[in-house]
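What follows is a single structure, written as C-alpha cells, with notes after it.
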Amino acid sequence: LTHTERERERERERERERERERERERESSCISLFEKWPYCLKRCSYCNFNKYIPRSVNHVLMTECLQKETRTLLQLSQVSKITSVFFGGGTPSLAQPSTIAALIGTVSKHAQLSADAEVTLEVNPTPAGKARLRDFVAAGINRFSIGTQSLCDASLRVLGRDHNALQALQTLSEARTLCPGRVSVDVMFGLPGQSVESWESELEEVLSVCDDHVSLYQLTLERGTSLFRQVKLGELSVPSDDITATMYRSARKRLEKAGFLQYEVSNFAKDNAVSAHNIGYWKAQQYIGIGPGAHSRFVPLALGGVHREARTQTLEPDVWMWEVWHHGHGTRRRMQLSHLGQLEEVLVMGLRMTEGISHQHWKMFSPEANLQDILGMCSDVEELQKKGLLILDERGLRCSWDGMALLDSILPVLLLSLETLFHMCRPAPSPATVD
Ligand SMILES: C[S@@+](CC[C@H](N)C(=O)[O-])C[C@H]1O[C@@H](n2cnc3c(N)ncnc32)[C@H](O)[C@@H]1O
Ligand code: SF4
C-alpha cells in the first residue's frame, strides 16, 4: 500500500471507531453514580484504599463540594437517567444522614433517579455509625452493605477493625429490619490464624444471620499496609494458597447449598438480590465517580466528546475540596479509552460474572470481530477449554465452576490473544491524555 492509501485506511478506521462509540453510548444513556466519603475513624491493618483519618471533618463544606462535583459531572455527561447510586468509602456511614439526603436531592434534581433505583450505603458496624441507620433510610438509602469482615473477635483485632462481632451482628440485624432483602454482608477469608475448619464454622454463623446477599473476599496483603509488614517480618502468618483455595471452594459449595447463587467471583445472592450497581461495572456500563480519588468511565458529551474517558478525581480531600470550590470539579486525570483498552475492560470485568460475556454484549463493543474470531484461533485458549476451565459456545464466553477460581491465571492468556489479533487487524490508535 502507498502512504496515501494507508492514511485513507487509517482515517476510515477512525471514522468507524467514532461511529461505534456513538452507537454504544446512544444505547446506554443510563449511568450509575458512586459517591465517596473519604474519611475513617481509624486505619484497618489490611486496607490500602484512599482514605483519611482526620482530626475533625467539615461536614458542611464536604457536602457542598460533593454536591457541586455531582452537578458538574452530571452536566458534563448529559446523561438522562441514573440507574443506581452507591455511597462508598472510606466510611460513608460516618457522614451525616443530611449529607446523604442532600446528595440524593442533587442527583434527583439534575437527572432522573427512579423511585426503584438501588441506593446503597456502605456501613461499618462501629458504635459511631450504628444508631443512625434509620435516619439513612429516611434520607433515601434502600440498601445496606455491611463491612462485617469477620465474626471472630480475634480476627477483627488482627484486622484493626473498630468493632467487635457482637456489634456487627447488631448492625446487621438492625439493617435487615429496616431494608429486608436488601442487605449485603462483606466477609473476608484467608486471615492470619484461620484454618479451613474455623472458616467453615464462621461461614455457618454468617449464613445463620445474613440477609440475601454475601460478598466473600480473599485477603490480599497490600504493600504499604501494617498487615503486610507484620507478615513479612514473620510476626503473623497467613494460610497457604492451597488452604485459601480450599476455603474458597468450600464456601462456594456451602453458599450454593444454602440457596445462594454465585453471580460473580466474590458475590452471592438469594432470590435475585444481586447488586445492580456492581453489575453495571462488570457489564462495562458508564459510571460517574464523585469525591476524592473516585474513578469514572463516561463520555463527556457536553464537551463534544464521542469517546469514553477514564477519569480519576484528586486523592487528598482538602486539595480536592479546593479544586471543586474553584473549578466545580476535582478531576485530576482524564484519559480517552482506546478501543483495545475498552475491549480489555469488557473481557476482564465480564468474565468475573458467572454468566460471562454474551455474544450480543461483546458485539456492542466490537461489531467487527466476534469472540470466536478473537479467541477461536489461539491454542492456549483451546487448551483452557480442553481443561474444562473456559467455555466458548453459542451463548458466549464464560468460566466454568473450576475456571472461576483460576480467573487470575486465565485472563492473561485471553488478553494476549485479544491484543495479538487486534494489532494484526488494525493500526491501534494510541490513547490520548486529554489534559
Ligand atoms: C470498599 S471496601 C469497604 C470499605 C468499608 N470502609 C469497610 O471497611 O467495610 C469493600 C470490601 O472490600 C474488602 N477488602 C478491603 N480491603 C481488602 C483486602 N486487602 N483484601 C481483601 N478484601 C478487602 C472488605 O471486605 C471490604 O468490606
Ligand atoms: S474502615 Fe474501610 S476504608 Fe476505612 S481503613 Fe478500614 S477498611 Fe479501609
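The values are calculated or read from the model by the stated rules, or taken from the named source; none is laboratory data. Here the structure is a predicted model, which is why all the values come from computation and not from measurement. Cβ coordinates were reconstructed from backbone atoms using ideal geometry, including for glycine residues, and neighbour counts include every protein chain displayed. Surface accessibility is based on the protein's heavy atoms, side chains included, excluding ligands, DNA and RNA. Shrake-Rupley method; radii C 1.70, N 1.55, O 1.52, S 1.80 Å.
Structure above, values below:
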{"quantity": "Angstrom value of the Kirkwood radius, inverse mean 1/r, which spans all Cα pairs in the chain", "calculated": "23.2"}
{"quantity": "Region 1-124 - percent of accessible surface contributed by carbon and sulfur, probe 1.4 Å", "calculated": "50"}
{"quantity": "Contour minus Cα-Cα distance for residue 134 and residue 108 (0.36 nm per residue)", "calculated": "7.3 nm"}
{"quantity": "Coil-residue trypsin sites (Lys or Arg not before Pro) of region 181-244, DSSP, other Cβ within 10 Å capped at 11", "calculated": "223"}
{"quantity": "Net charge of neighbours whose Cβ lies under 12 Å from the Cβ of residue 176, counting Lys and Arg as +1 and Asp and Glu as -1", "calculated": "-1"}
{"quantity": "Whole-number accessible area per residue in Å² for the chain, which is evaluated in the context of all protein chains at 1.4 Å", "calculated": "46"}
{"quantity": "Other-chain or far-sequence residues with amide H under 5 Å of residue 39's (modelled H)", "calculated": "52, 91"}
{"quantity": "Within a Gaussian network of the chain (alpha carbon springs, distance under 10 Å), most fluctuating of 412, 317, 180", "calculated": "412"}
{"quantity": "Highest average packing first - 392-400, 237-245, Cβ atoms within 10 Å", "calculated": "392-400, 237-245"}
{"quantity": "Those Cys residues of the chain for which no other cysteine Cβ falls under 4.7 Å", "calculated": "30, 40, 65, 152, 179, 210, 378, 399, 425"}
{"quantity": "Sequence-distant residues sharing a close amide H with residue 123 (under 5 Å, placed H)", "calculated": "145, 146, 147"}
{"quantity": "Estimated FRET transfer efficiency (residue 369, residue 154; beta-carbon r; R0 51 Å; 0.05)", "calculated": "0.45"}
{"quantity": "Amide H partners (placed H, <5 Å) of residue 236, local residues excluded", "calculated": "231"}
{"quantity": "Residue of 122, 205, 35 that the Gaussian network model of the chain assigns the largest fluctuation, springs spanning Cα pairs under 10 Å", "calculated": "205"}
{"quantity": "Structure-based [θ]222 nm, the chain - -39500 (n - 2.57) summed over DSSP H runs of at least 4, per residue, nearest 500", "calculated": "-14000 deg cm²/dmol"}
{"quantity": "Phi-based couplings in Hz for region 366-377 (Karplus 6.51, -1.76, 1.60; Gly and Pro marked x)", "calculated": "9, x, 8, 9, 7, 4, 5, 4, 7, 10, x, 8"}
{"quantity": "Cα-based radius of gyration of region 221-270 once divided by 2.2 N^0.38 Å, which approximates compact folds", "calculated": "1.54"}
{"quantity": "Paramagnetic reach from residue 220 (point 7 Å along Cα→Cβ, amide N under 19 Å) across region 76-94", "calculated": "88-91"}
{"quantity": "In region 48-153, the trypsin sites (Lys or Arg not before Pro) that fall in loop regions by DSSP, at most 11 other Cβ within 10 Å", "calculated": "55"}
